[in-house]
1. Listing W70, W343 from the residue with the fewest other Cβ atoms within 10 Å to the one with the most, what is the order?
2. In degrees, nearest 10, range 0 to 90: what is the angle between the Cα axis of helix 381-415 and the longest Cα principal axis of the chain?
3. Based on the mean of other beta carbon atoms within 10 Å per residue, what is the order of 216-224, 107-115, most packed first?
4. If Lys and Arg each add +1 and Asp and Glu each add -1, what is the summed charge of the other residues whose beta carbon sits under 15 Å from the beta carbon of R234?
5. In whole Hz and in residue order, list the ³J(HN,Hα) couplings for the stretch 257-270 that follow from phi through the Karplus curve 6.51 cos²θ - 1.76 cosθ + 1.60, θ = phi - 60°; x for Gly and Pro.
6. Going by C-beta contacts inside 10 Å, put R103, R315 in order with the fewest on the left.
7. Label the stretch 40-162 by shape, choosing from rounded, prolate and oblate, from the square roots a ≥ b ≥ c of the eigenvalues of the Cα gyration tensor; if a/c is under 1.5 it is rounded, and otherwise prolate applies when a/b is larger than b/c, oblate when it is not.
8. What relative contact order, as a whole-number percentage, does the stretch 106-199 give when Cα pairs under 8 Å and 6 or more residues apart are counted?
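Just so it is clear, none of the values below were taken in a lab; they were calculated from the coordinates. Just so it is clear, the structure is predicted and the values come from calculations on it, not from any experiment. As a convention, Cβ positions derive from the backbone with ideal geometry for all residues, glycine included, and neighbour counts pool all protein chains shown.
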Amino acid sequence: MSKLSKIRAVVIAAGISVVTIGQASAETLADTLVAAYRNSALIEQNRAVLRAADEDVASAVAQLRPVVQWIAGHTVSRKEGATTLRTTSLGLSAEMVLYDWGRSQLAIDGAKEQVLATRQALVAIEQDVLLTAAQAFFGVREATEQVALQQNSVKLVSQERQAALDRFEVGEITVTDVALADAQLAEGQASLAAAQGDLEVARETYLAAVGKKAGTLSAPPPLPKLPKNLDAARAIAQKNHPSILQAQRTAAAAELAVAAAAAERNPSLSGSLSAEIVGMNNPENGGYDQPIDGSVGLSLSQTIYSGGSLSAAHRKAMAQRDQARASLLNVARQVSQQVGTAWSNISVARAQIGAIDQQISAAQQAYDGVREEASLGARTTLDVLDAEQSLLEARADKITAEANLQLAHYQLLAAMGLLTVEHLKLGIPTYDPSQYYNAVRNAPRTSKQGESLDRVLRAIGKGN
């Protein structure tokens, strides 16, 4: 074994030892995904959006309940030459829709569909956050490996340059060969600087995606298991992808909105109850009268003519329903395309890795041969440097291809709607969207339900 080969073996062995020691406390991909899920402000934002949608159900339910109001008043009046009159009143009134031929129930059902659609939107956001975190993880891993590769290349070129100087001093090569080695070394140092810059960028991307700085990242886990074929993957996506499920719920809500717009033409039956105490000074007896007035009433009303606004609202609802249906079809096609693209990326990355492995093997053999021939004077320094550069490029391409293969698997999971904390079995508590909904769906104010709502809000505040 030559002196240079011994040096390379020591460097590689030392690198493996460092990696092995570091991986004992390295962060796994699962750790990264868990941190991204817990730290995501985007997920928190959309949880709040979901809670607002839950309140729409409560608002719709409240429309079927009585509205109770109180009113107090005091007036002072006096005519010229007459006694001053003072009147104080305190009244209580209640009004309630008794029957509206389905309008309120349609509003409740529509609000519930919007809640279900918003839940699926939250799942889609969760997938985006986890996919971005996975991409950041693989990006840091790739950039780290590229830096290590460029560092090793600079070391080898430095050794080649020293060997060129030694041969130049004994007259075996010319100054041109030394200059070529200098140029190659400078190029390697520039590539190393670029790789280090890419690593810093990747770390910043990781920080933004995960919510904390990237430490030492361990090797990725085994690749996720794939469906048996592309058609099976597409079938899973059509059944599970949150964007499709959201579009389905949105279309259902649009259907209910059409029925609700038509129901606006129906009559409405309301009941009212009021009581009022009126206090008034009596000039005749110098006393203060306090009569109590009360009333109970029913009213039935229906819009006969609205200037065309009801018809316009109905037509608008039908147009929005058609829009929702078309959107559902478009989303389904986009998801199918995403599945096909991710599946193709997996196939391409696998083929690239296989071809690059052959390229590396051939480039390594060529490099070793050129170096031996150069030591015998049959090859120039430029030949050695070109062979080393070809080997370096092949190894760099493999690092990129492996990162692309790993990322493509997780892109496929996302396209199938399976890139969630629950499906990945990350082993952490997940946000329960039904907890807040169950606490507010009956529009509580102050009751046991209200106390339950307070507990839910406190739990959310603790970062549930």
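1. By the 10 Å Cβ count, ascending: W70, W343.
2. The two axes meet at around 20 degrees.
3. Answer by packing, highest mean first, reads 107-115, 216-224.
4. +2
5. 5, 5, 5, 5, 5, 5, 6, 5, 7, 6, x, 9, 10, 10
6. In increasing order of surrounding Cβ atoms, one gets R315, R103.
7. Here the stretch 40-162 falls in the oblate category.
8. Value for the stretch 106-199: 34 percent.
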